[in-house]
1. Could you identify the single residue in 108, 115 that is in contact (Cβ under 8 Å) with a residue 40 or more places away in the chain, crowded, with 17+ Cβ neighbours inside 10 Å and touching a Gly at 6+ places or on another chain (Cβ under 8 Å)?
2. Could you pull out every one of the strands (runs of 3 or more DSSP E) wholly within region 31-77 that has 2 or more residues that are free of Cβ contacts under 8 Å to residues at least 40 places away in the same chain, more than 16 Å from residue 112 (Cβ to Cβ) and β-branched (Val, Ile, Thr)?
3. Just name the residue that is modelled with the lowest pLDDT out of those in region 1-55 that are surrounded by 14 or more Cβ atoms within 10 Å (Cβ to Cβ) and of a type in the set (Ser, Thr, Tyr).
4. For the subset of region 81-105 comprising residues that are in contact with a strand residue (DSSP E or B) (Cβ under 6 Å, 6 or more places away or on another chain) and touching a residue at least 24 places away in the same chain (Cβ under 8 Å), which member is surrounded by the fewest Cβ atoms within 10 Å (Cβ to Cβ)?
5. Of the residues that sit in region 79-115 and are part of a loop (DSSP other than H, G, I, E, B) and charged (D, E, K, R), which one is modelled with the lowest pLDDT?
Amino acid sequence: MKHVVTVLTIAVVALSLYACGKKGAASGSPVVGTWKVVEASGTAADMNKGMVYDFKDSGELLVGGMTKFAWTVTNDTLYWNMGESFKFSAKFKISGDTMNLDYETSDQKFVMKKQ
């Protein structure tokens, strides 16, 4: 009997951990997907135009296909960090396949199209 209880306890813990692992901080967000900057204004606008942002459901963000960051979303605000030094936040609004991103941490504004 003790062996059965132990096996059941391990099974419940394993299933709980598996279920938690499937839900990223950004899971289900409308931001999830690949977005390309089609319009940019503010600091480094020319450099950002054409840049691709890939927001993964797991909470990982790929910028330009290779730079990885963690991202989260709360209500209408995106948050991501570039290491310890650079912490970004931006208000976003999505309409169809277009996302407007207005940085709170700089003067940058992006219009992005879902790819």
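1. Only one candidate qualifies: 108.
2. In region 31-77, the matching strands (runs of 3 or more DSSP E) lie at 67-74.
3. The selected residue is 29.
4. 104
5. Applying the filter and picking the extreme gives 84.
The values are calculated or read from the model by the stated rules, or taken from the named source; none is laboratory data. None of these values were measured; they are calculated from a predicted model. Virtual Cβ from ideal backbone geometry, glycine too; neighbours counted across all protein chains shown.
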